[in-house]
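Each reported figure results from applying straightforward, stated rules to the coordinates on display, with no laboratory input. For clarity, every value in this text was computed on a predicted model and none was experimentally measured. Using ideal geometry, Cβ is built from the backbone for each residue, glycine included, and neighbour counts are taken over all protein chains shown.
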Amino acid sequence: MRRSERKQQDPDLGVLAGRLLFSVQGELFATLAEQGHAGLRPQHGAVLAHLDVEGSRATDLARHSGQHKQVVGKLIDELETLGYVERRPDPSDRRAKLIVPTVRGLDQMERSDAIVAAIEERAAATVGVAAYASFKALLGQVAAASSSLR
C-alpha cells in the first residue's frame, strides 16, 4: 500500500489536525470576507485569535500563538495597515507597546466568535453534544501535552 493511500485510510494526528484546521480556517475566512473583511488571511489568525479587547503585548501574542516574535511583528504590521489594530503605549510600562484592536478589529473579533460558535454547534449536532464536548476536552489535553514536549 502506498503511503498516500495509508494516510487516507488511517490518517495520523497531524493529518487529522491539519484537515480540521484548514476546514475551520477556510470557512472562517471565507465567511469573514463575505461580511466585509476580505483583506484577512489565515496567517492573521496567529494575532487576531489571541488579541485581548483591551490590548496585548506582541511578546504575549507570540507566546500564545506559538509563532516567532518576528513573524508576529510582521503580521501586526499588516493588520495595522489593514486597519484592524493599532499600537499604543502600555500604561503599565511606557517602554512597551500594546497591540489594541480598532473598531474594525473589534467587529472582526465579534464576527469570528460567532462564526466559530456556529461551526462548533454544527459539529456538536453531527456527533452529539456530549461526544463533541468530550472530543474538545481531549483535543485540548493532547494539545497541552504536545506543547509541553517542545
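Just a few scattered comments:
- Rounded to the nearest 0.05, the FRET efficiency derived from the C-beta distance between ARG63 and GLN141 at R0 = 30 Å is 0.90.
- Backbone geometry of the stretch 27-37 corresponds, through the Karplus equation with coefficients 6.51, -1.76 and 1.60 at θ = phi - 60°, to 3J(HN,Hα) couplings of 5, 4, 6, 5, 5, 4, 4, 5, 9, x, 10 Hz, x marking Gly and Pro.
- GLU86 long-range amide H proximity, modeled H, under 5 Å: VAL100, THR102
- Over the chain, DSSP H runs of length four or greater, each weighted -39,500 (n - 2.57), average out per residue to a 222 nm ellipticity of -21500 deg cm²/dmol.
- Check: the stretch 3-148 dipole with +1 on Lys, Arg Cβ and -1 on Asp, Glu Cβ, in debye: 480
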